[in-house]
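Presented below is the structure to which this report refers.
The values are calculated or read from the model by the stated rules, or taken from the named source; none is laboratory data. This is a predicted model, so every value here is computed, not measured. Positions of Cβ are generated from backbone atoms using ideal geometry, with glycine treated the same way; all protein chains shown enter the neighbour counts. Just so you know, the surface numbers come from the protein's heavy atoms only, side chains and all, with ligands and any DNA or RNA stripped out. Shrake-Rupley method; radii C 1.70, N 1.55, O 1.52, S 1.80 Å.
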Amino acid sequence: MSKTARARKPAAPAARPVAAPGLVEQAMQKQAAGELDTAGALLRQALSQEPGNVAALYTMASIESARGAHESALEWINRALSGRPDFAQSYLSRSIILTRLGRLAAALDDAERALALNGGLQAAERQRALLVQAMAGGTVPGVRAPTGRPPDPNPNTARAAPVSEAVALARRQANAQVAAGMQLQEAGQPDAAAQAFQAALQLDPESFSALYSLGFYYSQRGDAEQTISYFERAVKARPQDARGWFALGTVLMGRALYEAALEAFDQAIQNDPKYVDAYNNKAVLLTHLRRTKDALETAEAGLAIDPDNPELLEKKGDFLTKASYQAAAAVFDRLRQIKPDFEYAEGRHAFSRMHCCDWTGYEENRQRIIEGVRAGRRMCMPLAFMAMSDDAYDARRCAEIFGAHRFPAAPEPLWRGERYRHRKTRVAFVSADFRMHPVGYLLIGMIESLDRQRFESIGVSLGVRDGSELYPRFRNAFDHYLDCHDKTAAEIARLMRAMEVDIAIDLSGYTAGSRIDILSHRPAPVQMGYLGFPGTLALPYVDYIIADRYTIPESMQAAYSEKVLYLPHCYLPRDTSVIPAPEGPPREQWGLPDEGVVFCSFNHDYKITPTMFDVWADLLRETPDSVLWLMKLNEDAERNLLAAARARDVDPKRLVFATRVPRIEDHLARLRHADVYLDTYPYNGHTTTSDVLLSGVDVVTLSGTSFASRVSGSLLTDFALGGSVSADLSQYRHRAMQLAASAESRRSERLETENIAARRWPVDSGQQGEGLGEVLGGVG
């Protein structure tokens with residue numbers, strides 16, 4: 001045998017392929033060692049054998065999240081949940097991923113699901129608490145939040161200058177601390193993660209990743225000063241990074257530091273012109289600054305990059321409601337097609353159509369929204385829902401869904417049971433409407449008449465000065481007037497707590513300019529809603545609602561989460577110093593004919609339903625030479641109402657449209673030319689009905705079970721000023737015809753100057769103030 005010959009060993013048997021569970025186990029070991037690429041390769045091999053392996057899918061999500069690829073991580077965890085929807089840990093993992101994507105509401109839902117499946121899951125408890133705190137600490141609906149993980153975990157990225165080996169070593173060690181902090185963050189240990197990030201800063205004070213992560217950590221804890229400090233240091237350390245500027249802008253906006261926030265968003269967009277979230281938040285900010293045109297242009301710029309971005313489509317629809325409800329409805333329609341479950345898209349679309357009296361598919365849309373609300377979905381905002389349904393219990397469910405989503409209670413209430421010993425009860429009225437607005441117009445006389453011997457009144461103003469005569473009246477009516485339009489909810493709540501407010505009254509509810517989140521911090525022992533929103537707020541921190549026994553019968557109290565406080569008269573006050581002008585222009589100057597019955601309805605266009613308009617058309621057809629006098633609020637509504645009249649065999653020329661007049665006294669005077677006032681249903685006229693009655697015009701109304709559908713009935717029943725409350729549309733139509741038949745005889749009496757001058761509201765401002773004092777004295 002040759003010396004070079006070698007004996008050949010028997011061939012080893014072929015290795016048996018590792019099964020999927022073994023591959024997953026190996027992948028987890030590699031993941032723990034930080035070898036993410038190897039771990040990912042093993043998991044993909046396992047999934048090629050078992051595509052539905054939940055452990056592999058879950059681990060892939062964890063790896064992608066650790067890399068900062070949160071959208072990819074979301075796809076993996078969604079697949080894991082589809083395979084095993086009862087695994088609490090997967091919901092927790094998805095909650096963490098959604099948090100980093102800025103989708104806090106969805107993240108909170110998943111934390112709740114995790115706890116529903118496993119009530120002892122402490123990490124889910126911590127996650128839920130953090131989310132509630134983050135959302136209560138100034139988060140604005142529609143604002144994308146910065147993610148918890150910086151875009152690049154390597155603190156040395158983009159540092160071009162050469163460094164010494166010692167510095168390079170320190171940076172590598174800092175990078176290792178950041179990576180460890182990320183793992184701790186992923187594991188639901190935020191405090192330990194923060195310690196790791198602080199350790200990284202000891203090694204490298206300019207570590208962008210550590211600074212960014214600490215900014216996010218303090219943001220979740222509601223510490224705005226520390227949050228801003230760390231994000232400012234982060235952008236200084238890496239000024240070319242768009243996400244640092246985005247995060248800084250977002251937290252500055254939450255602190256109402258709007259100009260500084262705008263500069264930060266502009267810097268983010270300059271660094272990354274395709275940063276869609278920055279366009280989104282900048283658009284929200286410009287809206288706060290009342291720069292609607294700029295806000296729309298910003299949203300459009302973002303949509304040019306991502307045409308199907310749902311948040312930007314929602315904002316574009318919002319902005320368009322200022323110009324054209326028809327155009328806004330088209331945008332909301334597009335939104336609901338792209339993302340059918342986008343929160344409140346269905347209701348926003350329907351409400352925009354209602355504003356322009358476009359009743360295409362009205363009943364189908366209405367039923368779909370009602371069914372969705374009953375199923376607990378975020379279908380419609382409460383005010384819009386009131387114009388679609390008169391069911392008080394459905395209205396409560398709608399408010400519960402919306403309130404829990406948008407205005408959750410702050411985790412740490414400011415008032416914690418302390419007892420005050422004030423000589424006078426301190427009552428804070430919170431509103432954006434201490435100005436020329438229906439709430440301000442109705443309320444001022446009552447506030448001026450409140451007993452100052454018993455009550456110390458505080459006006460918390462959230463709106464801007466409008467230059468009207470009401471503004472100084474409100475300033476003088478309150479013992480203390482606080483201009484808080486530029487303060488955050490938390491700041492206002494702390495101010496109220498420092499003043500030891502006994503009773504806080506929100507006057508806006510779920511209407512434009514609402515800041516109900518102030519009460520979410522529980523600044524006062526007793527909190528209630530009144531006047532501005534006709535229904536329950538369904539919030540755990542609102543204790544009472546002020547009403548009357550017609551708007552909320554005792555038999556309907558279960559439809560309200562609050563305890564009901566009953567005024568001794570109609571809940572709707574009135575400044576009785578304002579009366580109709582004694583003389584006004586004749587009918588023809590308002591576009592009305594010299595002869596014939598004038599049916600009138602000046603209610604908002606969104607309150608007009610196709611069913612109600614059918615009745616009005618019947619009245620016009622059966623009353624020769626009559627006209628229907630309506631308020632013109634937008635061009636779209638006028639065009640659609642004229643078309644609706646034509647479709648019902650009514651000459652469109654018989655519809656006469658009025659526009660606003662500057663003085664209330666003149667508006668009241670022109671109303672005297674109406675012969676029969678036709679109220680809307682299910683959302684009655686409120687301030688408008690009050691105006692009509694003071695002008696001496698008979699009102700025909702219809703009452704349902706909801707608060708909004710019973711206000712006109714309350715006015716007519718309590719004050720007996722003229723008109724009729726109907727039980728159904730048939731009775732409504734019959735009573736309107738009766739009043740039309742006697743219109744001529746009643747008209748001359750109504751237009752006599754001496755009768756006009758003598759016209760007074762049955763319950764004057766002083767009595768209204770006494771009634772409110774009686775109610776407040778019972779709880780203060």
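Do we find that LEU772 is touching a residue at least 12 places away in the same chain (Cβ under 8 Å), in a helix (DSSP H, G or I), open to solvent by 10 Å² or more (accessible area, probe 1.4 Å) and of a type in the set (A, V, I, L, M, F, W, C) in this structure?
When the stated conditions are applied, LEU772 does not pass them.
Against the condition at pLDDT below 90, open to solvent by 20 Å² or more (accessible area, probe 1.4 Å) and not aromatic (Phe, Trp, Tyr), how does ARG221 come out, does it pass?
Against the criterion (at pLDDT below 90, open to solvent by 20 Å² or more (accessible area, probe 1.4 Å) and not aromatic (Phe, Trp, Tyr)), ARG221 qualifies.
Exactly one condition in (1) part of a loop (DSSP other than H, G, I, E, B); (2) touching a residue at least 24 places away in the same chain (Cβ under 8 Å) is not met by PHE474; state its number.
Failed condition: (1).
Residues GLN738, GLN768: which one is touching a Gly at 6+ places or on another chain (Cβ under 7 Å) and at pLDDT 95 or above?
GLN768
Tell me the helices (runs of 4 or more DSSP H) entirely within region 329-388 that contain at least 3 residues that are farther than 24 Å from ARG639 by Cβ and among the aliphatic types (A, V, I, L, M).
The helices (runs of 4 or more DSSP H) meeting that bar are 362-374.
Take VAL650 and decide whether it is assigned to a loop (DSSP other than H, G, I, E, B), touching a residue at least 12 places away in the same chain (Cβ under 8 Å) and in contact with a strand residue (DSSP E or B) (Cβ under 9 Å, 6 or more places away or on another chain).
Yes.
List pairs: first residue in region 553-567 and aromatic (Phe, Trp, Tyr), second residue in a strand (DSSP E or B) anywhere in the structure, Cβ distance under 9 angstrom, at least six positions apart or on different chains.
These pairs meet every condition: TYR560/ILE545; TYR560/ALA547; TYR566/ILE546; TYR566/ALA547.
Within region 331-342, take every residue that is touching a helix residue (DSSP H, G or I) at 6+ places or on another chain (Cβ under 8 Å) and touching a residue at least 24 places away in the same chain (Cβ under 8 Å) and give me the one that is surrounded by the most Cβ atoms within 10 Å (Cβ to Cβ).
Of everything passing the filter in region 331-342, LEU335 is surrounded by the most Cβ atoms within 10 Å (Cβ to Cβ).
Which of (1) closer than 22 Å to ALA56 by Cβ; (2) in a helix (DSSP H, G or I) does ASP86 not meet, given it meets every other one?
Of (1) closer than 22 Å to ALA56 by Cβ; (2) in a helix (DSSP H, G or I), only one is false for ASP86: (2).
If you take the residues of region 421-432 that are out of contact with any Lys or Arg (no Cβ under 8 Å at 6 or more places or on another chain) and open to solvent by less than 40 Å² (accessible area, probe 1.4 Å), which of them is farthest from ARG452 (Cα to Cα)?
SER431
Taking the condition open to solvent by 50 Å² or more (accessible area, probe 1.4 Å) and within 24 Å of GLU364 (Cα to Cα), does ARG621 pass?
Considered against the rule, which asks whether it is open to solvent by 50 Å² or more (accessible area, probe 1.4 Å) and within 24 Å of GLU364 (Cα to Cα), ARG621 comes out as no.
Table: residues versus (1) surrounded by fewer than 17 Cβ atoms within 10 Å (Cβ to Cβ); (2) within 30 Å of TYR217 (Cβ to Cβ).
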| position | (1), (2) |
| --- | --- |
| ALA27 | no, yes |
| LYS30 | no, yes |
| ALA41 | yes, no |
| ARG44 | yes, no |
| PRO51 | yes, no |
| VAL54 | no, no |
| TRP76 | no, yes |
| ARG94 | no, yes |
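Among the listed residues PHE319, PHE351, PHE342, PHE332, which satisfies the condition of being among the aromatic types (Phe, Trp, Tyr) and under 21 Å from ASP294 (Cβ atoms)?
On inspection, the qualifying residue turns out to be PHE319.
Given the criteria surrounded by 24 or more Cβ atoms within 10 Å (Cβ to Cβ), of a type outside the set (Lys, Arg) and modelled with pLDDT under 95, does LEU257 qualify?
Judged against the criteria, LEU257 is not a match.
Restricting to region 371-385, name every residue that is open to solvent by 10 Å² or more (accessible area, probe 1.4 Å) and of a type in the set (A, V, I, L, M).
Hits for region 371-385 are ALA375, MET379, MET381, LEU383.
Taking the stated definitions as given, is VAL167 in contact with a helix residue (DSSP H, G or I) (Cβ under 8 Å, 6 or more places away or on another chain), of a type outside the set (Asp, Glu) and farther than 30 Å from ARG515 by Cα?
Taking the combined requirement at face value, the residue does not satisfy it.
Mind listing whichever residues of region 485-529 are touching a strand residue (DSSP E or B) at 6+ places or on another chain (Cβ under 9 Å), of a type outside the set (Lys, Arg), assigned to a loop (DSSP other than H, G, I, E, B) and open to solvent by 10 Å² or more (accessible area, probe 1.4 Å)?
If the condition is that a residue be touching a strand residue (DSSP E or B) at 6+ places or on another chain (Cβ under 9 Å), of a type outside the set (Lys, Arg), assigned to a loop (DSSP other than H, G, I, E, B) and open to solvent by 10 Å² or more (accessible area, probe 1.4 Å), then HIS485, MET499, GLU500, ASP502, GLY513, SER514, PRO525 are the ones that fit.
Name the residues in region 76-125 that are of a type in the set (Val, Ile, Thr) and modelled with pLDDT of 85 or more, would you?
ILE77, ILE96, ILE97
With respect to ARG243, is the statement that it is open to solvent by less than 20 Å² (accessible area, probe 1.4 Å), more than 30 Å from CYS380 (Cα to Cα), among the basic types (Lys, Arg) and touching a residue at least 60 places away in the same chain (Cβ under 8 Å) true?
Taking the combined requirement at face value, the residue does not satisfy it.
So LEU565 clears everything in (1) of a type outside the set (S, T, N, Q); (2) open to solvent by less than 10 Å² (accessible area, probe 1.4 Å); (3) not in a loop (DSSP other than H, G, I, E, B) except one condition, right? Which one?
So LEU565 meets the others, but not (2).
State which residue pairs qualify: first residue basic (Lys, Arg) and inside region 73-87, second residue surrounded by fewer than 20 Cβ atoms within 10 Å (Cβ to Cβ) in any location, beta carbons under 7 Å apart, and separation of 6 or more residues or different chains.
Close Cβ pairs (under 7 Å, with a partner that is surrounded by fewer than 20 Cβ atoms within 10 Å (Cβ to Cβ)) amount to ARG84/VAL54.
Report yes if PHE707 is under 20 Å from GLY591 (Cβ atoms) and either touching a residue at least 40 places away in the same chain (Cβ under 8 Å) or surrounded by 24 or more Cβ atoms within 10 Å (Cβ to Cβ) (or both), otherwise no.
Judged against the criteria, PHE707 is not a match.
Would you be able to say whether some residue in region 230-250 is among the charged types (D, E, K, R), at pLDDT 95 or above and over 20 Å from ALA179 (Cα atoms)?
The answer is yes, given that some residue of region 230-250 is among the charged types (D, E, K, R), at pLDDT 95 or above and over 20 Å from ALA179 (Cα atoms).
Yes/no matrix, rows are residues, columns are (1) in contact with a Ser or Thr (Cβ under 8 Å, 6 or more places away or on another chain); (2) under 22 Å from CYS356 (Cβ atoms); (3) surrounded by fewer than 20 Cβ atoms within 10 Å (Cβ to Cβ):
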{"position": "ASP294", "(1), (2), (3)": "no, no, yes"}
{"position": "THR298", "(1), (2), (3)": "no, no, no"}
{"position": "GLY302", "(1), (2), (3)": "no, no, no"}
{"position": "ASP306", "(1), (2), (3)": "no, no, yes"}
{"position": "ASN309", "(1), (2), (3)": "no, no, no"}
{"position": "ASP318", "(1), (2), (3)": "yes, yes, no"}
{"position": "LYS322", "(1), (2), (3)": "yes, yes, yes"}
{"position": "TYR325", "(1), (2), (3)": "yes, yes, no"}
{"position": "ALA329", "(1), (2), (3)": "yes, yes, no"}
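Would you be able to tell me the number of residues in region 596-620 that are over 29 Å from the mean Cα position of the chain (by Cα) and either within 19 Å of GLU744 (Cα to Cα) or outside any helix (DSSP H, G or I) (or both)?
Count: 8.
Quick one: in region 677-705, which of the residues that are under 27 Å from GLU635 (Cβ atoms) and outside any loop (DSSP other than H, G, I, E, B) is farthest from the chain's Cα centre (by Cα)?
The residue in question is TYR677.
Considering only region 261-287, state which residues are in contact (Cβ under 8 Å) with a residue 40 or more places away in the chain and open to solvent by 20 Å² or more (accessible area, probe 1.4 Å).
If the condition is that a residue be in contact (Cβ under 8 Å) with a residue 40 or more places away in the chain and open to solvent by 20 Å² or more (accessible area, probe 1.4 Å), then ASP277 is the only one that fits.
Give GLY403, GLY440 a once-over and let me know the one that is touching a Pro at 6+ places or on another chain (Cβ under 9 Å), outside any loop (DSSP other than H, G, I, E, B) and small (Gly, Ala, Ser).
Testing whether each residue is touching a Pro at 6+ places or on another chain (Cβ under 9 Å), outside any loop (DSSP other than H, G, I, E, B) and small (Gly, Ala, Ser) leaves just GLY403.
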